[in-house]
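Beneath this line is the structure, given in structure tokens, with notes to follow.
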Amino acid sequence: MKNSVTVIFFILFTPCYYFSFSQSNNRPDPLAAHIDSTVKPGDDFFLFANGKWFKENPIPASEQNNGIWQLIQDTINAQIRTMCESSALLHAEQGSNKQKIGDFFFSGMDSVSLNAKGISDLKNDLAMIDNIKDIKGLGNAAAYIHAAAGSPLFRFGVGQDDKISSKNAIFVSQGGLSLPDRNYYFDTDAQAVTIRRKFIVHLNHMFKMIGYDSIKAQNAADNLMTLETALAKKSRKREETRDPLKNYHKISFQQLAESAPNFQWIHFVKGVGLQSVDTVIVGQPEFLTALNEYLVSFPLDDWKNYLKFHLVRSLAHAMDDKTYAESFSFYSTVLRGVQEPKPRWKRAVEQTDRSLGELLGQVYVSEYLPKGTKTKLLEIGNAIKEIYTERIKKLDWMSETTKLKALHKLNTVVMKVGYPDIWKNLGTLNIDRSSYVRNVMKANQWEFQHMIAKYGKPVTRSEWDMEPQTYNAYYNPSNNEIVVPGCNIILPGYERILADDALLYSVIGGSTFGHEITHGFDDQGCKYNELGNLENWWTTDDSIKFFTKTKMIVRQFIEYVAVDSLHINGELTQGENIADLGGIMMGYEAFKKTGQFKNYEIIAGLNPDRRFFLGYAFAWMVNERPEATANQVRSNEHSPAKFRVLGPLTNMPEFYKAFEIKAGDAMWRPENLRVKIW
Ligand SMILES: [Zn+2]
């Protein structure tokens, strides 16, 4: 994936900007305007390129960061808000898309009803958990929560079999933690210790809110922490889950049931709506073995409290202000440093988007997406693909045998851009104005059932896992496809002027298409063939050379200190770092073929090279709270934005030349340490 977070500001947006406007002198060029001339590019290029904007645009109290994502998300949020508000006023025909959008949004805005209800809408669900008589009863309750709210105990889903991409399979893997990563339960630095202490306080408050007295709430909180710490202990480190082969164990359903007899798998699978299951792909067998033991070594009451907490925490964002505030205080303030909640309309807009994304997407495409978006995106994508082909042919470290296979894989990469050709049919989803949290649960259940129904059916390769209004992109190794939603065409500040090729090829070409295509050739993607099946298509010698190079990028990123004493996890982030490096190199090579580069066009006082590299820094113009950065480093495979700029650029001689960076400058990296893979 390209981004880990998205979020918020309002900008004028004019469709067809690619074709209707030319460079205007009436407003300052954003790239030039963002430069902080008090910083030398060779000292810190990220701050040099973006620093002035950061100084002029402090992080709002309701956000964990501020920058390009907010600028784009604000535009999209304003558009979604219009769609939601106009739909809510319509009282459209029952069952129509606009009725669902309008009623969903209305229920989220109805603060009087939300606060009058408190957590009463979950009363029956909490009672169901209370009524569990023995450990065998957990299976059904867990199935219900998996479908309607969160994922307690483990992760469960239906998706493409990594070894037979044309088949849908069932996956079970480690999970069930309430903190963002297993490391939070063990890290010994001061911040991690404080987070654990505050987490227990939060648990105590949540248990009181579901009706426990002080002593019972404290016991439940302490025991939950003990239980989750035990689960975390048996969870693999995030970086250990990167190897798809080591996390693939196909077993029969009977073997699964026998390996964890204390958990009633049969109740669980029937509970999620599966009539019969032949095989299951288990990610981490040792986790399920441990879970099986814990089911009897921890008292039943601990498990019931665990399920209750997971149910409420997963839905707290759609509940009364008191429940929301308690959840916000821990998950947003303690973990990410956010000072105050977003306004209600923004929360309701973002939740409507999460729950009814494809319905909103259809309106978004017809009313807001600039005409010609698909064509422009494909043009840039194809230019990048062409460059990749040239570069693979020229690689000096790869044998001809492997090159042929790499080229074949590259040539068969499917590029889905803009929006899906076929939309999901949400006809069976009922939404009304009576309960916000029930609406969220119904949408979750619909999505979950949609996924479950795929089991036993052929894979539908036309489906998208992202909406056209989602500012992000992804590579799916099982389909050997990249998916670039339409809104990636938005470049903040360039709505009314023609974004020049330096920008298009750095932001959209490099950090989007180049990045995603490279995922097909990163430490994980390289293990899948052109059909999306896990298969080694490398010669042994080439494979050794490739992984020697990836180790260099691992070492490079481990050196970076993201915040306080927290270093970037080089192993965990290597796939994204490889994709960033490949992306910027391909984007630059593709840019070299444009008229702007060849004619050495100067725009806003910036030559083509400088505009290209500043454009790349603009793609990652994100100023983040230190708590949010720490959270990202501990639990996310993307490096913080700053290092997504510094890391790849310091491997590029063209960058040094463009800004006259020399040995002795902080950004300088000796030639023997520079990484070049693709
Ligand atoms: Zn990525």
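Yes or no, residue by residue, for (1) free of Cβ contacts under 8 Å to residues at least 60 places away in the same chain; (2) hydrophobic (A, V, I, L, M, F, W, C); (3) farther than 22 Å from G570 by Cα:
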{"residue": "I170", "(1), (2), (3)": "no, yes, yes"}
{"residue": "R196", "(1), (2), (3)": "yes, no, yes"}
{"residue": "M206", "(1), (2), (3)": "no, yes, yes"}
{"residue": "I215", "(1), (2), (3)": "yes, yes, yes"}
{"residue": "A232", "(1), (2), (3)": "yes, yes, no"}
{"residue": "P261", "(1), (2), (3)": "yes, no, yes"}
### Search result, residues across segment 427-477 that are within 16 Å of the ligand (Cβ to nearest atom), out of contact with any Pro (no Cβ under 6 Å at 6 or more places or on another chain) and either under 19 Å from L356 (Cβ atoms) or open to solvent by 10 Å² or more (accessible area, probe 1.4 Å) (or both)
D465, Y471, N472, Y474, Y475, N476, P477
### Query
Restricted to segment 588-628, and to residues that are touching a Pro at 6+ places or on another chain (Cβ under 7 Å) and either farther than 30 Å from T194 by Cα or at pLDDT below 95 (or both), which residue is most open to solvent (accessible area, probe 1.4 Å)?
Y600
### Flag if T428 is modelled with pLDDT of 95 or more and assigned to a loop (DSSP other than H, G, I, E, B)
yes
### Query
Just wondering, is there one or more residues in segment 390-411 that are open to solvent by 40 Å² or more (accessible area, probe 1.4 Å) and more than 27 Å from V675 (Cα to Cα)?
no
### Task
Could you list, in sequence order, all residues of segment 629-678 that are open to solvent by 30 Å² or more (accessible area, probe 1.4 Å), away from the ligand (no atom under 16 Å from the Cβ) and of a type in the set (S, T, N, Q)?
N672
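So in segment 203-221, with the set limited to residues that are over 17 Å from L307 (Cβ atoms) and in contact with a helix residue (DSSP H, G or I) (Cβ under 8 Å, 6 or more places away or on another chain), which one is surrounded by the fewest Cβ atoms within 10 Å (Cβ to Cβ)? I'd like the intermediate steps shown before the answer.
Kept after step one, since they are over 17 Å from L307 (Cβ atoms), are these residues of segment 203-221: 204-205, 208, 213-215, 218.
Still in the list and also in contact with a helix residue (DSSP H, G or I) (Cβ under 8 Å, 6 or more places away or on another chain): 204-205, 208, 214, 218.
Values: N204: 19, H205: 18, K208: 17, S214: 10, Q218: 17.
Here the answer is S214.
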### Task
Please determine, by comparing only the residues of segment 117-132 that are in contact (Cβ under 8 Å) with a residue 24 or more places away in the chain and not β-branched (V, I, T), which one is farthest from V349 (Cα to Cα).
D130
### Query
List pairs: first in segment 508-527 and closer than 17 Å to A619 by Cα and charged (D, E, K, R), second open to solvent by 10 Å² or more (accessible area, probe 1.4 Å) and within 12 Å of the ligand (Cβ to nearest atom), Cβ under 6 Å, 6+ apart or cross-chain?
E516/Y475
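What are the residues in segment 483-500 that are in a helix (DSSP H, G or I) and more than 16 Å from the ligand (Cβ to nearest atom), if any?
Scanning segment 483-500 gives G486, C487, I489.
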### Task
Quickly run through segment 540-570 and pick out the residues that are open to solvent by 30 Å² or more (accessible area, probe 1.4 Å) and within 16 Å of the ligand (Cβ to nearest atom).
N569
### Message
Tell me yes or no: at least one residue of segment 573-583 is more than 16 Å from the ligand (Cβ to nearest atom) and of a type outside the set (S, T, N, Q).
### Response
no
### Task
Spot the failing condition for I251; the list is (1) part of a loop (DSSP other than H, G, I, E, B); (2) within 25 Å of Q524 (Cβ to Cβ); (3) free of Cβ contacts under 8 Å to residues at least 40 places away in the same chain; (4) open to solvent by less than 60 Å² (accessible area, probe 1.4 Å), and only one is missed.
(1)
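Would a scan of segment 320-335 turn up a residue that is among the polar types (S, T, N, Q) and farther than 27 Å from A147 by Cβ? If you could, list the steps in order and put the result at the bottom.
Of all residues in segment 320-335, those among the polar types (S, T, N, Q) come to 323, 327, 329, 332-333.
If we keep only those that are farther than 27 Å from A147 by Cβ too, we end up with 329, 333.
Yes, that holds for at least one residue.
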### Query
Residues in segment 452-472: is at least one under 24 Å from the mean Cα position of the chain (by Cα) and in a helix (DSSP H, G or I)?
yes
#### Entry: Subset of segment 256-282 (residues that are assigned to a helix (DSSP H, G or I), touching a strand residue (DSSP E or B) at 6+ places or on another chain (Cβ under 8 Å) and more than 24 Å from L177 (Cβ to Cβ))
none
### Message
Restricting to segment 380-417, and then to whatever is acidic (D, E) and in contact with a helix residue (DSSP H, G or I) (Cβ under 9 Å, 6 or more places away or on another chain), can you tell me which residue is nearest to E495 (Cα to Cα)?
### Response
E386
### Task
Identify all residues within segment 501-522 that are open to solvent by 10 Å² or more (accessible area, probe 1.4 Å) and either charged (D, E, K, R) or within 11 Å of the ligand (Cβ to nearest atom) (or both); write none if there are none.
D501, H519
### Search result, residues across segment 272-297 that are within 23 Å of G456 (Cβ to Cβ), buried (at least 19 other Cβ atoms within 10 Å of the Cβ) and of a type outside the set (A, V, I, L, M)
G283
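Among the candidates Y600, Y588, which residue alone is away from the ligand (no atom under 16 Å from the Cβ), part of a loop (DSSP other than H, G, I, E, B) and over 25 Å from the mean Cα position of the chain (by Cα)? So that I can check it myself, show each step before the final result.
Details: Y588 fails: part of a loop (DSSP other than H, G, I, E, B).
Of the residues listed, the single one that is away from the ligand (no atom under 16 Å from the Cβ), part of a loop (DSSP other than H, G, I, E, B) and over 25 Å from the mean Cα position of the chain (by Cα) is Y600.
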### Residue within segment 337-344 that is buried (at least 20 other Cβ atoms within 10 Å of the Cβ) and farther than 27 Å from Y419 by Cβ present
yes
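The values are calculated or read from the model by the stated rules, or taken from the named source; none is laboratory data. Since the structure is predicted, the reported quantities are computational estimates derived from the model, not experimental observations. Cβ sites come from the backbone with ideal geometry, for glycine too, and all protein chains shown count toward neighbours. Keep in mind that these areas ignore ligands, DNA and RNA; they rest on the heavy atoms of the full protein, side chains included. Shrake-Rupley method; radii C 1.70, N 1.55, O 1.52, S 1.80 Å.
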